[in-house]
Amino acid sequence: MIRVLIVDDDFMVAKVHRGFVSRVPGFEVVGLAHNGADALAEIERLTPDLVLLDIYLPDFTGLEVLRRLRDGKVAVDVLIVTAARDVETVREAMRGGVVHYLIKPFTFDSMRERLERYAVAHQGLAADGDIGQDDVDRLFVAMRPARVELPKGLNADTADLVGTALRKADDDLSAAECAGLAGLSRVATRRYLEHFVAEGKAAVRLRYGSAGRPERRYRWTARH
């Protein structure tokens, strides 16, 4: 499990983010902090793998938290989660080596994608020893957000319904089975499933029956 500390001055926002993180497989929230001093203390006490760090804190900024972590050579990754969108803040965060910068407000899917991509990179760096250039390239690509554009005729809300149904399934699904779970037509669902396959987010296999064309079965693979 990837252990996460959430730092946000707003108690309700921190609670929402905790719910978001808890919904992503492979992640667990180990603590909350609501100011910079508590953030530093909790990082030392809990040694999380990842900190979701707000910029606007009541005692000192998230950038100052980041600077102190780097000055102290604390081995923790930081994902900035904030409403701050000025260029200088983003620049300072990048110089501090954050794994990503997520601007509020955002959807659960936006956070989930960043966390899933972080998990791929985190796993890739878990082993000791040397790695090659190809491995390094894959790690940097893993942290890059996927393009969000959908083909003409597809929309993000419906894609989310189909993707959620597929992710939650214990086994692979036919288009008809996925459509039933998502509450959509089979034809429409099939278009989104084929889009996920083309994007590398899902895999498809053929199941042959006694007669007729083989059935296409879909499985979500975005975290692999």
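The values are calculated or read from the model by the stated rules, or taken from the named source; none is laboratory data. In this text the structure is predicted, and so the values were computed from the model without any measurement. To get the accessible areas, we keep the full protein, side chains included, count just its heavy atoms, and leave off ligands, DNA and RNA. Shrake-Rupley method; radii C 1.70, N 1.55, O 1.52, S 1.80 Å.
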Checklist entry - Where does region 47-116 land on Rg(C-alpha)/(2.2 N^0.38 Å)? => result 1.06
Item to check | Mean accessible surface per residue for region 10-128, computed with a 1.4 Å probe while every protein chain stays in place, in Å² | outcome: 51 Å²
Item to check | Set of aspartates and glutamates near Lys73 by C-alpha distance (under 13 Å), chain-local residues within fewer than 8 positions excluded | outcome: Glu44
Next on the checklist: To make sure I understand the rule: partners must be aspartates and glutamates, Cα under 16 Å from the Cα of Lys104, and not fewer than 8 residues away in the same chain. Which ones qualify?
Outcome noted: Asp8, Asp9, Asp10, Asp54, Asp86, Glu113
Item to check | Residue among Pro48, Pro214, Pro58 with the largest mean-square fluctuation in a Gaussian network model of the chain, springs linking Cα atoms under 10 Å | outcome: Pro214
Checklist entry - GNM, the chain, Cα, under 10 Å: largest mean-square fluctuation among Ala165, Ala156, Ala119? => result Ala156
Next on the checklist: Can you give me the % of accessible surface on the chain that is carbon or sulfur? Probe 1.4 Å, all protein chains present, nothing else counted.
Outcome noted: 53 percent
Checklist entry - How much length is gained on full extension from Arg213 to Leu181, taking 0.36 nm per residue of separation minus their Cα-Cα distance? => result 9.2 nm
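Mind checking the per residue accessible area of region 147-217 for me, 1.4 Å probe, whole number of Å²?
Working: 4520 Å² over 71 residues.
Spelled out: the 1.4 Å probe surface of region 147-217, per residue, equals 64 Å².
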Item to check | Residue of Glu194, Glu116, Glu42 that the Gaussian network model of the chain assigns the largest fluctuation, springs spanning Cα pairs under 10 Å | outcome: Glu194
